[in-house]
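Read the structure below first, then the notes.
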Amino acid sequence: MERNDAVMPWVAIVSAAIMWILLLFLFNKETAPKPVVVDPAVVANIGKEWPTVGKSVFASAGCVGCHGAQGQGVVGPKLAGDEKILKDPVYVHTIIVKGKGGMPAFEGKLKDNEIYAVANYVLNSWGNKIDPLLTPAAVAAGQSKVDPAVLKNRSRFVPEDLKLPEIFLATFIMVLLTYGVIGLYSVWAEGMELHPGIHKVRSTPLAVLGMVVTLALTVLFSVLFVHQMVVDYAGWGAREAVMPNVTAEGFYAAMIVLTLALAIGLYKKFFMDGEVLVEDASGEFPW
């Protein structure tokens with residue numbers, strides 16, 4: 001019996017690809033940094049305001065309670081003598097504006113001149129020193145690179161900023177891909193025509209080689225995954241914490257799943273007797 005669903009898996013996969021493009025568009029649009037508006041008045045007064053206005057904001061906005069009056073760190077991290085913030089002053093501006101962890105976002109709570117004043121106060125106090133001062137132009141230039149918050153989100157399997165439309169699209173994509181993959185496997189394993197009954201199979205040398213290679217790749221990616229997890233765990237617990245390489249972990253985990261699925265497919269195709277049952281010859285989904 002000629003099957004009438006052989007084209008549908010490809011339709012599902014193409015539809016999933018279109019949905020994936022829409023998902024990336026939505027996500028990238030939301031995580032793209034806002035253009036920096038350079039106010040000439042703010043730029044003109046940065047050098048004058050940061051020693052006084054910056055110190056005042058640092059004390060009145062609650063920064064002292066978390067970071068200490070001398071930047072020594074209390075609940076929040078130590079700021080005095082921090083080489084990391086000196087190497088990336090724009091990141092200090094981003095954290096003040098957007099917040100991070102237990103630190104609140106001050107966007108809308110502080111004026112632009114106050115944000116730059118307190119940022120420069122942190123970057124030029126307690127042994128810290130940057131030259132030149134942090135300005136809107138420097139922040140705008142820093143946005144030509146990938147924003148740290150965007151990198152953080154893109155390194156996760158489930159970004160924090162996902163909203164309902166994105167969740168719906170992601171779920172729909174997974175359903176379409178699952179349907180498409182199962183359908184393609186069905187066409188590959190059973191052919192373009194369905195013949196009801198039990199089908200005896202005989203493995204070929206090429207099929208055996210494919211099974212061996214697939215299982216070897218599964219073992220290889222398993223070892224790489226475990227090694228990456230050990231490295232990331234050690235880095236996370238180090239004195240200078242290193243962020244885990246979630247991208248590598250996800251890649252190895254995905255390859256383990258894919259190679260196992262391929263091994264199962266090869267086994268069912270070339271090593272296991274099969275049986276085709278067709279209850280309704282007019283049905284669209286005989287598999």
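The table that follows gives values for the structure above.
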quantity	calculated
Cα-Cα over 21 Å, subset of Lys109/Lys129; Lys78/Lys109; Lys87/Lys129; Lys48/Lys111; Lys48/Lys100; Lys78/Lys129	Lys109/Lys129; Lys78/Lys109; Lys48/Lys100
Karplus-derived 3J(HN,Hα), 6.51/-1.76/1.60, for each residue of the range 244-259, Hz, glycine and proline x	x, 7, 5, 4, 5, 4, x, 5, 5, 4, 5, 5, 4, 5, 5, 5
Kirkwood hydrodynamic radius over Cα pairs of the range 40-145, then Stokes diffusion coefficient at 10 °C and 1.306 mPa s, in µm²/s	117 µm²/s
Largest to smallest accessible area among Ile167, Ile115 [probe 1.4 Å]	Ile167, Ile115
Heavy-atom accessible area ranking, 1.4 Å probe, most first, across Lys87, Lys129	Lys87, Lys129
Sequence of Trp236, Trp188 from largest to smallest accessible area, 1.4 Å probe	Trp236, Trp188
Residue-span extension gain [Met272 to Leu209] - 0.36 nm each, minus C-alpha spacing	21.1 nm
Glu114 accessible area, 1.4 Å probe, all protein chains in place, Å² to nearest 10	50 Å²
Nearest-0.05 FRET efficiency for Met192 and Glu107, computed from C-beta distance (R0 41 Å)	0.10
Solvent-accessible area per residue for the range 40-145 (1.4 angstrom probe, square angstrom)	53 Å²
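The values are calculated or read from the model by the stated rules, or taken from the named source; none is laboratory data. All of these numbers come straight from a predicted model, not from anything done at the bench. Glycine gets a Cβ as well: all are built from the backbone with ideal geometry, and neighbour counts include every protein chain shown. Calculation scope for accessible area: heavy atoms of the full protein, side chains included, ligands and nucleic acids excluded. Shrake-Rupley method; radii C 1.70, N 1.55, O 1.52, S 1.80 Å.
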